[in-house]
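Rule-based calculations on the coordinates, nothing more; no lab input. What you see is a predicted model; the values in this text were computed from it and never measured. All Cβ positions, glycine included, derive from the backbone under ideal geometry; neighbour counts span all protein chains shown.
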Amino acid sequence: MAVPIKYNVRNVFVRWRATIATVLGVALVVAVYVLVQSMAAGLEKSSQNTGDPRNVLIARQGSTAESSSQVTREQFRLLPYLPQIARDETGRPLISADVLVLITLPRRDGEGEANVLLRGISPVGMELRPQVTLVSNRWFTPGKREVVVSRRLARRFANFEVGDRFKTGAHELKVVGWMEGANSAFDSEIWMDADEARSIFQRDHYSSVLARAKSATDAKALIKRIESDKRLPLRADMEVKYYASQTMTAAPIRILGNFLATAMSIGAVFAAMNTMYASVGARTREIGTLRVLGYRRGSIMASFLIEGAFLALLGGAAGCALALPLHGYSTATMSFDSFSETVFQFRITPFLIAEGLGFSLIVGVVGSLLPALRASRLPMISALKAV
């Protein structure tokens, strides 16, 4: 015969002080776990949200990121004539070479400096990235040392207001506009003219090439053609696939989240265990009465496990509620792919909420196991005599 669930629910609210302590302990653990994992999810989403499915990105063989790649001008001159590359209505090939440079700039709050990724880009390159839109003032004019910065970066770095000037090395650049990249990796970049960037920063070669293929079949043929051409020691991949693979930064954060959750869950397990042991001690006579009424040891043990799980689920729900207000909050960290400031948003998904609740349930069951076992093994007569 099973112990009625309402018995356990009633005891949770009757002993409300112990209940609140346990719920808060579990809630803090779940909130930390969900928030750290949501950071990793935000970084991954930023990478996965970057690129156009029609584009092919070309970089040097062996490079792990655009910033460490190099495409010579001689190699670039061969690429526009490949038959798989699409052309616009004027017959111009839709292909662009970019220059990526890391520059160090002061933060807006005055607390030190950080690396920022500056991308030299051509007008064709801007057309190939339709997800990037101008949201303030105008685009840069080639030859005038003008830049357009991400609006999200502008909130984090000094001298990024429209009309401001900032120095990098011996060069001064003027901010003439803000852009937004639709929550993509481009939200972490500064853009200026490619050839001007190559001249200012004394780069003999380009970093990467972006090309629009005529069709999905032509994209595959273009990738195969580039990687099999001995004159071109380059590698090619679909742009969306390339950026989706750039999630190295998220891995350490996930590991950190799992480590913190494991360490804190040990404390939460002991808190739940302490609460349940106290509950067993306070209800010794009740347990004896249940045994006299015909409830079996297994039913009593299951009853206390359910009670512990219910307490932990309350804590899990409270922890998720604590974390939810940060969903969509914009922050930044250093990218392990490019070693530059990467802007991203916290993403608390339904899957993460489910993970947090599942995690709290495990904590509750593990923390209740030994007290439930003790409750089920109490001698009937001794329990009835307890004061």
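Which is farthest toward the positive dipole end of the range 110-227 among GLY112, ILE223, PRO130, measuring Cα position about the Cα centre, with Cβ charges +1 (Lys, Arg) and -1 (Asp, Glu)?
ILE223
Amide H neighbours of PHE157 under 5 Å, counting only residues 5+ apart in sequence or on other chains, H built in-plane at 1.01 Å?
For PHE157, whose amide H was placed from the backbone, the distant partners under 5 Å are ARG108.
What fraction of the DSSP beta bridges in the range 62-232 is antiparallel, stated in percent and rounded to the nearest 5?
70
Using 0.36 nm per residue of separation minus the Cα-Cα distance, give me the extension gain between PHE351 and THR72 in nm, one decimal.
Result for the pair: 96.0 nm of gain on full extension.
Using only alpha carbon positions, build the gyration tensor of the range 62-232, then give the equivalent ellipsoid semi-axes as the square roots of 5 times its eigenvalues, largest first, whole angstrom.
The three semi-axes for the range 62-232 are 30, 17, 14 Å.
Past 20 Å, Cα to Cα, is the threshold; run LYS45/LYS214; LYS45/LYS241; LYS144/LYS167 against it and keep the listed order.
LYS45/LYS214
Only Lys, Arg, Asp and Glu count, each charged at its Cβ (+1, +1, -1, -1), so figure out the dipole size of the range 62-232 about its Cα centre, rounded to 20 debye.
About 280 debye.
Scan around ALA114 for amide H atoms under 5 Å from its own, H built in the peptide plane at 1.01 Å from N, and keep only partners 5 or more places away or cross-chain.
LEU105, ARG107
Residue by residue, what Karplus-based ³J(HN,Hα) values in Hz, rounded to whole numbers, does the range 91-102 have, using 6.51, -1.76 and 1.60 with θ = phi - 60° and x for Gly and Pro?
Karplus-based 3J(HN,Hα) across the range 91-102 equals x, 6, x, 8, 9, 9, 9, 10, 10, 10, 9, 8 Hz.
Could you pull out which residues in the range 34-69 have an amide N less than 19 Å from a spot 7 Å beyond the Cα of GLN131, following the Cα-Cβ vector?
Under 19 Å, as judged by backbone N against the label point of GLN131, lie 39-59, 65-67 of the range 34-69.
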